[in-house]
Ligand SMILES: [Zn+2]
């Protein structure tokens, strides 16, 4: 057993946790995710990611109490035996070690909002690696516009990037129209955590890409359903969801549906009524 000093990302309370050598054996590449339940360090619960030198690389606060149910879609070929081309895997551990869980969450959210992303970073050797990673996971689905800049250049050219979501480390530097609400990122965080905590590089990347493909497919299906409606017919998101579930033989819970509705509004720019409104319309 190894004692590890942990400090809570919410309240800074410090305490020790035990990590077994056994669990670290497999962390040759990537990170070991350790869940800290409430009342171990303090009243909060959070996740830490440890590298194979027992260094805590990242903290992550999950803002949900339960495991989120992400619908499983057979038709998408969610197979783990697909081999990802080596060029996407060679540097994947660098992504896991250098792109923080929060940054990855914010970038995913920006992609779902169809916003351009700018990362302030001095580590230029990572630029292409990060770019290729996001290209791979958004291939054939979401539009991607991501670039990197040094701190000094950003200071000089700030005005040019007014409509970009700008991030530095784990911090949001420019939040366009306050579209990112850090307290409402449950699905994004869940996806990121599953990616970071899966120590098999191939399957972690594959599952991540499947998750994003699925989000695109579902939100696009909602858009198609709306477009096929009679012009006079009022959009009812619950009705649409029901037929979506039947077509794809899945169960879509309200949290996930709300997340999809957000994408329909922001990414596809279609104004749809909320689940709540749709529920009342059905009464
Ligand atoms: Zn705390």
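The values are calculated or read from the model by the stated rules, or taken from the named source; none is laboratory data. On a predicted model such as this, the values are computed, not experimentally measured, just so you know. Neighbour counts are summed over all protein chains in view; Cβ atoms, including those assigned to glycine, are modelled from backbone coordinates with ideal geometry.
Would you point out which residue out of 95, 83, 107 is assigned by TED's automatic domain parsing to the domain that holds residue 169, touching a residue at least 40 places away in the same chain (Cβ under 8 Å) and closer than 23 Å to residue 47 by Cα?
107
List pairs: first in segment 39-56 and at positive phi, second more than 8 Å from the ligand (Cβ to nearest atom), Cβ under 9 Å, 6+ apart or cross-chain?
Close Cβ pairs satisfying both conditions: 39/45; 54/2; 54/4; 54/19; 54/24.
Could you tell me whether any residue of segment 175-191 is within 23 Å of residue 61 (Cα to Cα), in contact (Cβ under 8 Å) with a residue 24 or more places away in the chain and loosely packed, with under 13 Cβ neighbours inside 10 Å?
yes
Quick check on my filter: what residues within segment 168-184 are part of a strand (DSSP E or B) and more than 25 Å from residue 255 (Cβ to Cβ)?
168, 171, 173, 174
Yes or no, residue by residue, for (1) surrounded by 15 or more Cβ atoms within 10 Å (Cβ to Cβ); (2) within 16 Å of the ligand (Cβ to nearest atom); (3) at pLDDT 90 or above; (4) within 20 Å of residue 189 (Cα to Cα):
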| position | (1), (2), (3), (4) |
| --- | --- |
| 6 | yes, yes, yes, no |
| 12 | no, yes, yes, no |
| 15 | no, yes, yes, no |
| 25 | no, no, no, no |
| 35 | no, yes, no, yes |
| 42 | yes, yes, yes, no |
